[in-house]
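Here's the structure, in structure tokens; my notes come after.
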Amino acid sequence: MSFQQAILSALTALAGQKFKTFLTLLGIIIGITTLITVVSVIEGANAYIADKVANLGPDVFQLSQFPRISPNFNEYFKAAKWKGIEYEDYVYLADKSKETLRIGFSTRVTDLLKYRQESMENTSVRGVTANVIDMERKLLQDGRFFEAIDDERRRQVAVLGTDVVEQLYSNTDPIGRKIFIGGREFTIIGTLQKQGSVFGQSRDRFVMIPALTLFKIYGQRHRISIVCQAPGEARLASSIEEIRHLMRLRRRIREGMEDTFSISTAETVIGIYRTITSGFFLVTTVIASISLLVGGVVIMNIMLVNVKERTREIGIRKAMGARSRDILMQFLLEAITICLVGGAIGIFLGLGLAVMVEHLTPFPASLRITVVMGGFLVSSLVGVFFGIYPAYRAAQLDPIDALRYE
């Protein structure tokens, strides 16, 4: 029997007993569906976090009081007891640092925005230095961003997020117009490109003003986050170590004592998030593996029944010159084909569920060809592993005994 004939024989057997086939394939379908759905959603979520939460370049890191993200709430409770990062820390680091290419900082308050009769309450007002926009990878839509001179002279200029533009200036070009922040007049010099949302929360409901302008209006005793850029990704570790060393000196932290500040990179945030999702991935993988195991055992039993039912056929084929390895290959290919059919159905259902999750939640689904190929590979391995014993049993049948079988 040729390769094509073996596959055709398997498909014919599947089509001839639809209900039995469905029960045979159910474990494979459930297992592959679970694997494809989980892998697609988790990979999409990791990409989502990398793009929208860990929005720092590969050579950028952030110094702050609280970690940007942590799987352990105790980390936040512990950080709440630390002294906040202050403007004087930024001045100290900017003066002492030799390994860091750029150092900026940001701080924020919330206030009322107004333009004519329109207003937005409790809107984030971010005070940032002129170099932060590049380090945070924000892109301008129109106009310009702050320059160092705007910060030094405490100019009342503003750059708007798209939510503010859409709500206050829906039919008007905002560049050059005025906006009132907490009752104070600012001139709009730029707008930013839309950033979308994170977990359903908009990332575009804010206005940015020069950091020192914010201090002039709201006071300087606000905690800040310091953003640093190394002179290249290869020197990121040395730049982080320098900033950590300087902060420990400034805070007089003795050797052996832990830091009283947090340093985060994009990879730190992504790594922590992957730690959070790995437990979920492990549990679902175990469930999928159990389904595949059950499905494989069912297929092996069905194949053993098929061998018994087709004993006479095997005897006739051997009498006509078929070798044991031909019989072995025939039944093995049939087992693999059965598993591949179940795998194909599972892949289709898994991708469909991943797309459904994408539409119902903020997480995108990563529908990559490698995920599909992985599903087919797992199906094939199940077919080989659980099909080899029935195929071996068929190949070892004595042709004379097989011809006598009724």
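No value in this document is a laboratory result; all are computed from the given coordinates. All of these numbers come straight from a predicted model, not from anything done at the bench. Positions of Cβ are generated from backbone atoms using ideal geometry, with glycine treated the same way; all protein chains shown enter the neighbour counts.
Which FRET efficiency, nearest 0.05, do GLU166 and VAL297 yield, Cβ-Cβ r, R0 60 Å?
Numbers: r = 58 Å, r/R0 = 0.97.
For GLU166 and VAL297, the calculated efficiency is 0.55.
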Problem set entry | Relative packing of peptides 288-297, 329-338 - highest average C-beta neighbours within 10 Å first | 329-338, 288-297
Exercise. Once fully extended, how much extra length lies between HIS245 and VAL305, figured as 0.36 nm per residue of separation less the alpha-carbon to alpha-carbon distance?
Worked result: 14.5 nm
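Quick one: net charge around THR37, please, counting Lys, Arg +1 and Asp, Glu -1 for every other residue with C-beta under 14 Å from its C-beta.
Details: positive: ARG368; negative: GLU43, GLU358.
Charge balance in the 14 Å sphere: -1.
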Exercise. Considering the zone a paramagnetic label at TYR392 would reach in this model (a point 7 Å from Cα along the Cα-to-Cβ line), which residues of the range 320-343 have amide N under 18 Å from it?
Worked result: 324-336
Seminar exercise, completed: Projected onto the charge dipole of the range 92-245 (unit charges on the beta-carbon of Lys, Arg, Asp and Glu, signs +1, +1, -1, -1), the Cα from GLN117, ILE217, ASN171 with the largest positive-side position is that of ILE217
Exercise. Listed highest first by mean packing, meaning other Cβ atoms within 10 Å per residue, what order do 33-40, 371-378, 255-262 come in?
Worked result: 33-40, 371-378, 255-262
Exercise. Residues of the range 143-178 with amide nitrogen under 13 Å from the 7 Å Cα-to-Cβ point of ALA94?
Worked result: 147-154
Exercise. Of the trypsin sites (Lys or Arg not before Pro) in the range 304-359, which ones lie in a loop per DSSP and count no more than 11 other C-beta atoms within 10 Å?
Worked result: ARG323
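When only Cα pairs under 8 Å and 6 or more residues apart are kept, what is the percent relative contact order across the range 60-270? Before the final figure, lay out the partial values.
Numbers: 390 pairs, mean separation 73.4, N = 211.
Relative contact order, the range 60-270: 35 percent.
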For this session: Considering the options ILE103, THR162, MET135, tell which one lies farthest towards the positive end of the dipole of the range 79-235, charges being +1 on Lys and Arg and -1 on Asp and Glu at the Cβ, about the Cα centre.
Result: ILE103
For this session: Please work out the FRET efficiency for the pair ARG252 and GLU185, using the Cβ-Cβ distance as r and a Förster radius of 56 Å; give the result to the nearest 0.05.
Result: 0.80
Exercise. Stretch LYS216-GLN4 to full length: gain in nm at 0.36 nm per residue minus the Cα-Cα span?
Worked result: 68.3 nm
Exercise. Rounded to the nearest 0.05, what FRET efficiency is calculated for SER119 and GLN201 with R0 set to 30 Å and r the Cβ-Cβ distance?
Worked result: 0.90
Exercise. Roughly what would the spin-label model give for LYS194 and ALA234, points 7 Å off Cα along C-beta, in nm?
Worked result: 4.0
